[in-house]
Amino acid sequence: MKSGRAALLIFLALGVLLVSFAAEAQQAGKVYRIGVLGNPESPPQQHLWDAFRQGLRELGYVEGQNIVIEWGRWLERPERLPEFADELVRLKVDVIVAGASQTATAAKRLTGTIPIVMTTGDPVGSGLVSSLARPGGNVTGASSLASGVVEKQLELLQEIASRVPRVAILWNPDNPFHATHVREAESAASKLGLHAQSVEARGPKDLDDAFLAMERVRAGALLLLSDAVFLQHRAMIADLAAKRRLPAMYARREHVEAGGLIGYGVDRRALYRRLAVYVDKILKGAKPGDLPIEQPTKFELVINLKTAKALDLTIPPSLLLRADQVIE
């Protein structure tokens with residue numbers, strides 16, 4: 001009897017092991033489908049999605065082998081964003097990656113079951129998650145919101161344009177986060193002894209008038225708040241600032257690469273690389289609602305020395321040494 005019982009136990013144990021090995025082999029051979037609401041070929045986004053793909057490669061995911069990426073190129077036709085999001089949902093992707101608040105919101109409206117990994121400024125304020133610590137639902141990711149950034153931007157601007165008493169704050173009233181950021185900028189400017197003048201622009205048609213308004217109030221410098229519309233028309237903004245000889249501070253490196261003077265803000269490439277970590281955890285079984293939202297820890301300072309020379313500005317050597325990149 002004992003030998004029969006022992007044989008049965010061994011048989012059952014071997015069965016459990018075989019089922020476990022089979023499950024692991026099946027998991028190892030699975031090709032995951034990742035839906036991305038973004039365009040890997042769009043200049044403002046290319047380096048960000050390159051960072052995301054690099055993050056996936058570092059975690060062992062290879063396109064065409066164990067993952068397939070379905071791209072919803074909404075930037076080409078912004079009005080078709082809901083359509084692109086719906087297409088990814090109908091493809092039954094394993095996870096949706098959204099690089100902006102509007103894309104994450106569009107995806108969330110269409111599905112409460114497919115995990116969504118996003119990066120946005122204020123995921124709680126925009127209603128995407130319940131809290132940073134416990135997002136709940138099917139959305140998680142990384143926030144680009146960081147306290148004290150606006151004040152730091154103005155401090156850096158003062159280092160370059162120390163004698164400027166008045167700074168214009170260019171913002172988009174259609175951006176749901178900008179009203180709060182304007183108040184933050186006005187408070188920070190007051191602490192630094194600067195007079196802040198807010199100027200509105202909803203799109204490219206408003207930019208000429210906005211810069212004329214800056215001229216009327218005799219603004220000596222410009223702080224541009226981060227915005228998708230402003231990013232899309234970054235070359236035009238840099239050109240208008242140059243024509244009026246306005247030292248300008250930006251939140252995104254892309255503005256500086258397009259001819260802007262100086263940029264300080266969250267290292268978005270690091271954020272997008274972290275999105276790959278979230279995707280990996282979800283594909284391995286983690287629930288998005290249980291994964292806390294990460295806040296930024298890396299920031300970058302980029303200076304366009306060519307623009308500085310065109311404005312007859314001398315960048316302090318100490319500032320150049322602190323820069324992550326100097327464009328010459």
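Data for the structure
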| read-out | value |
| --- | --- |
| Condition met for residue 297 (at negative phi and assigned to a helix (DSSP H, G or I)) | no |
| Leading residue by the ranking (surrounded by the fewest Cβ atoms within 10 Å (Cβ to Cβ)) among those in the stretch 246-261 that are of a type outside the set (D, E, K, R) and assigned to a helix (DSSP H, G or I) | 256 |
| Meets criteria (assigned by TED's automatic domain parsing to the domain that holds residue 305, buried (at least 17 other Cβ atoms within 10 Å of the Cβ) and either basic (Lys, Arg) or out of contact with any strand residue (DSSP E or B) (no Cβ under 8 Å at 6 or more places or on another chain) (or both)) for residue 240 | yes |
| Condition met for residue 246 (in contact with a helix residue (DSSP H, G or I) (Cβ under 9 Å, 6 or more places away or on another chain), farther than 30 Å from residue 29 by Cβ, modelled with pLDDT under 95 and not assigned by TED's automatic domain parsing to the domain that holds residue 126) | no |
| Helices (runs of 4 or more DSSP H) within the stretch 27-112 that include 3 or more residues more than 28 Å from residue 127 (Cβ to Cβ) and in contact (Cβ under 8 Å) with a residue 12 or more places away in the chain | 43-58 |
| The stretch 251-268: number of residues that are within 11 Å of residue 119 (Cβ to Cβ) and among the basic types (Lys, Arg) | 1 |
| Sole residue being hydroxyl-bearing (Ser, Thr, Tyr) and assigned to a strand (DSSP E or B), chosen from 264, 272, 278 | 264 |
| Residue ID - nearest to residue 311 (Cα to Cα), chosen from residues in the stretch 214-226 that are touching a residue at least 40 places away in the same chain (Cβ under 8 Å) and more than 27 Å from the chain's Cα centre (by Cα) | 220 |
| Wholly enclosed strands (runs of 3 or more DSSP E) of the stretch 129-232 bearing at least 3 residues under 28 Å from residue 269 (Cα atoms) | 139-143, 166-171, 221-224 |
| Residue among 321, 311 that is under 24 Å from residue 185 (Cβ atoms), among the hydrophobic types (A, V, I, L, M, F, W, C) and either more than 15 Å from the chain's Cα centre (by Cα) or at pLDDT 95 or above (or both) | 311 |
| Residue check for residue 86: touching a Leu at 6+ places or on another chain (Cβ under 7 Å), modelled with pLDDT of 90 or more, surrounded by fewer than 20 Cβ atoms within 10 Å (Cβ to Cβ) and not hydroxyl-bearing (Ser, Thr, Tyr) | yes |
| Number of the exception - residue 127 against (1) within 16 Å of residue 52 (Cα to Cα); (2) out of contact with any Gly (no Cβ under 8 Å at 6 or more places or on another chain) | (1) |
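The values are calculated or read from the model by the stated rules, or taken from the named source; none is laboratory data. Source: prediction; values computed, not measured. Ideal geometry is used to build each Cβ from the backbone, glycine not excepted, and the neighbour counts take in all protein chains shown.
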